[in-house]
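S.K.: Sharing a structure here in structure tokens format.
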Amino acid sequence: MSNQTASAKGQILDAAEALFARKGYDATTIKAIGAASGLNPALLYYYFAGKEELYKAVLQRMVGQILAQGGALLDGTLPPAEAIRRLLTMQGEWLLKQPNLPRLLVRELLDHDARHAQEVILQMAAGPFQRLCRVIEQGQKSGAFRTDVEPRFGAVSAIAQVAYFMIAKPAVGIFFGQGIGGITDQTAREFARHAGDFAVRALSPTESAA
């Protein structure tokens, strides 16, 4: 792919990501994406067959990092507790770098029951999520984690903490008395570290973290 081609495709994806997050899939048009990208809308069909393919490409680009880095963290080389802590810290960083993703996914889930995002979700289910379940099982076998926790439930509980915090940042800002825009990136990072410790303590058979 030439630099010019990569640049044009990147412009299209950037514009589409922002519009899909702000307006939703149904209200976003190819014409609007073309205008926002500064390119002729007809050019979009050179790179993408239509709006749905473009939408899926936006999602794929956004989750690529978590698929690669999350899988590497959960490859079994780290102790289970450390792997979980690092995963949630990385999840927080990833979502800070992808500010459009929480809103885009919430819209997708509410408006379309994840119909357009099924491929991406299946990739995450077969990759980082299944590996996280195996990490929890590994911790259970070694005695580091409680055996009365269903690994899938434990995995969802762990990753849901950071996901909810990022999705609900305006509400969390109000909870904290800081207003809808009051949650800083530093606070989000501190919460991600807290979430890792919280998940490990919840999984541990004693009061002390593994």
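S.K.: Any chance you could run the full-extension gain for residue 77 through residue 126? It's 0.36 nm times the residue separation minus the Cα-Cα distance, nm to one decimal. If you can, show how the numbers build up before the last one.
M.R.: Working: separation 49, 0.36 × 49 = 17.64 nm, distance 1.89 nm.
Going from the current span to full extension adds 15.8 nm.
S.K.: At 222 nm, what helix-only mean residue ellipticity would the chain give, in deg cm²/dmol to the nearest 500, using -39500 (n - 2.57) for each DSSP H run of four or more?
M.R.: -23500 deg cm²/dmol
S.K.: For residue 56 and residue 29, calculate 0.36 nm times their separation in residues minus their Cα-Cα distance, and state this gained length in nm to one decimal.
M.R.: Values: separation 27, 0.36 × 27 = 9.72 nm, distance 1.46 nm.
Length difference between fully extended and current span is 8.3 nm.
S.K.: Net charge near residue 133, counting Lys/Arg +1 and Asp/Glu -1 over other residues with Cβ under 12 Å of its Cβ?
M.R.: Numbers: positive: 131, 134, 152; negative: 137, 150.
Taking every other residue near residue 133 into account, the sum is +1.
S.K.: Equivalent ellipsoid semi-axes for region 58-203, as square roots of 5 times the alpha carbon gyration tensor eigenvalues: give them largest first, rounded to whole Å. The partial results should precede the final answer.
M.R.: Working: eigenvalues 124, 77, 35 Å².
For region 58-203, the ellipsoid semi-axes come out as 25, 20, 13 Å.
S.K.: In degrees from 0 to 90, rounded to the nearest 10, what is the angle of the helix 3-23 Cα long axis to the longest principal axis of the chain?
M.R.: Approximately 70 degrees, to the nearest 10.
S.K.: Next question, about the same structure. Once Lys and Arg get +1 and Asp and Glu get -1 on their Cβ, which of 7, 139, 196 lies farthest toward the positive end of the dipole of the chain?
M.R.: 7
Read-outs: derived from the displayed coordinates by stated rules, not from any lab. Quick caveat: nothing in here was measured; it's all calculated off a predicted structure. Cβ sites come from the backbone with ideal geometry, for glycine too, and all protein chains shown count toward neighbours.
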